[in-house]
Amino acid sequence: MALDALVRLQKVSKVFPGGIVGLDSVDLDIAPGEFLTLLGPSGCGKTTSLRVIAGFESPTGGNVLLDGRDITGLRPFDRPVNTVFQDYALFPHMDVAANVGFGLSLRKLTGAEQAKRVREALDMVGLADKLGARISELSGGQRQRVALARAIVCEPRVLLLDEPLSALDAHLREQMQIELKRLQSRLGTTFVMVTHDQTEALSISDRIVVMNKGRIEQTAAPATLYDRPATRFVASFIGTMNLLQSRFVGRDGERLRFAAGDLPLEATSDSGETPAAGDTRTIGVRPEDLLAAGEAAEGTAPARVSGVVFHGRTLRLHAELGEGTPIVIDAPRRADGSQFSVGDMAHVSLRRGANCPMLSS
Ligand SMILES: Nc1ncnc2c1ncn2[C@@H]1O[C@H](COP(=O)(O)OP(=O)(O)O)[C@@H](O)[C@H]1O
Ligand SMILES: [Mg+2]
């Protein structure tokens with residue numbers, strides 16, 4: 001195995017009674033100290049992955065390794081792993097200190113040592129003044145922090161977080177994303193977080209694992225996933241992407257030239273594959289990589305505007321290319337206030353230097 005993997009999932013499968021597939025032969029290396037996020041739609045296997053790493057679920061196939069050691073058969077409490085559950089799972093009748101200290105009570109520590117560790121953990125999450133408060137007196141954000149403190153007080157090697165911010169409102173959520181990332185850097189602990197929110201995953205993670213139907217579609221850094229999605233699924237899950245059926249025209253050095261109807265496109269191939277002349281491929285084109293002009297010119301294709309959505313600095317144009325192919329374009333708002341309206345013809349072209357991925361299905 002790669003020497004730098006802290007956790008390794010080796011062909012891990014989980015088939016539940018009744019034949020429901022939770023995980024389908026998942027291979028994944030998690031590096032020490034990284035903030036890794038499992039991202040994907042509901043039911044794709046994110047929680048099951050966490051539960052397998054924590055030991056709450058035993059895989060029906062494959063192995064879980066920690067530091068190169070097989071821990072597949074180890075009980076949850078014997079693993080240096082803690083979990084922050086989606087619903088926090090706090091004890092409402094106990095105060096904050098007792099909740100945070102709960103994990104420590106299974107260890108052989110003196111009362112004074114326990115109290116010190118609890119204070120330090122609460123300090124880390126900015127709740128030092130809430131030591132004696134009851135859980136019922138706390139806001140949603142404060143409860144979230146208590147759950148975090150309870151997990152970090154045990155100083156785990158790996159902290160698992162299942163949709164930790166999903167119960168918070170949008171503003172608090174963004175603030176907690178920043179705090180979570182900061183906490184992770186300070187602790188240097190490996191965080192494995194689950195979310196179905198791509199914006200959250202992109203803003204917080206060192207690497208993202210995109211999952212679909214119990215399998216991994218792609219694992220990469222946020223910018224790589226955004227710029228060079230490998231599959232149609234990843235391309236359509238991360239941000240907005242036009243998926244254009246395009247005909248291969250020819251090659252210019254590294255650039256592969258395609259045409260989506262009348263619209264000339266340029267793509268890069270991560271696999272190094274060159275299609276045969278006339279082959280069709282799906283090319284992913286970001287709305288911000290398209291230009292819409294009022295006049296036709298060399299390299300533009302006409303598209304009828306069918307919708308205009310205000311996005312602040314830009315307008316999102318929904319349009320149809322000649323063959324009825326829908327296309328989405330982000331156009332800057334013009335200073336003079338003139339803009340496209342429904343029914344207008346927009347002359348669409350690819351921005352120079354745009355990096356369009358050639359996608360596999
Ligand atoms: N205990 C279980 N028994 C039966 N099926 C389960 C169980 N837990 C999860 N599943 C199924 O496994 C799949 C993956 O679930 P899960 O990992 O919870 O998805 P996610 O967290 O990505 O939403 C889903 O189809 C789910 O219904
Ligand atoms: Mg889940």
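Every read-out reported here was derived from the displayed coordinates using simple, explicitly stated rules and does not represent laboratory data. This one's a predicted model, so the numbers in the text were calculated from it and none came from an experiment. Positions of Cβ are generated from backbone atoms using ideal geometry, with glycine treated the same way; all protein chains shown enter the neighbour counts.
Quick notes on this structure:
- Per-residue HN-Hα couplings for the range 298-311 [Karplus 6.51, -1.76, 1.60; θ = phi - 60°; Hz; x = Gly/Pro]: 4, x, 9, 10, x, 9, 7, 6, 10, x, 10, 10, 6, 10
- Angstrom value of the Kirkwood radius, inverse mean 1/r, which spans all Cα pairs in the chain: 23.1 Å
- Relative contact order computed over the chain (Cα-Cα under 8 Å; 6+ residues apart), in percent: 15 percent
- Each of H311, H196 was scored by other Cβ atoms within 10 Å of its Cβ. Listed from fewest to most, they are H311, H196.
- Packing-based ranking of 279-292, 58-71, 219-232 yields 279-292, 219-232, 58-71, ordered from highest to lowest mean Cβ neighbour count within 10 Å.
- Cα-centred dipole magnitude for the range 7-230, charges only on beta-carbon of K, R (+1) and D, E (-1), debye, nearest 20: 480 debye
- DSSP-defined beta bridges in the range 240-359 - what % are antiparallel, rounded to 5: 95 percent
- Cross-link reach is defined here as a Cα-Cα straight distance under 24 Å, omitting same-chain residues fewer than 8 places apart; for K46 the lysines meeting it are K11, K14, K181, K213.
- Convex hull volume per residue in cubic angstrom - Cα atoms of the range 240-359: 102 Å³
- Cross-link partners of K116 among aspartates and glutamates, defined as those whose alpha carbon lies under 17 angstrom from its own and excluding same-chain residues fewer than eight positions apart: D95, D129, E155.
- Sparse packing (at most 11 other Cβ atoms within 10 Å of the Cβ) combined with a DSSP loop state is found for the following GluC sites (Glu not before Pro) in the range 184-283: E254, E273.
- The helix-only estimate of mean residue ellipticity at 222 nm for the chain, built from DSSP H runs of length n ≥ 4 each weighted as -39500 (n - 2.57), is -6500 deg cm²/dmol after division by the residue total.
- The range 244-268 and the range 86-102: distance between their alpha carbon centers, rounded to Å: 57 Å
- DSSP-defined antiparallel bridges as percent of all bridges, the chain, nearest 5: 75 percent
- Taking the centroid of alpha carbons for each part, the range 145-195 and the range 312-328 are 39 Å apart.
- Each residue of the range 30-45 was assigned a 3J(HN,Hα) from its phi angle through the Karplus expression (A = 6.51, B = -1.76, C = 1.60, θ = phi - 60°), giving 10, 7, x, x, 8, 9, 9, 10, 9, 10, x, x, 3, x, 7, x Hz with x at Gly and Pro.
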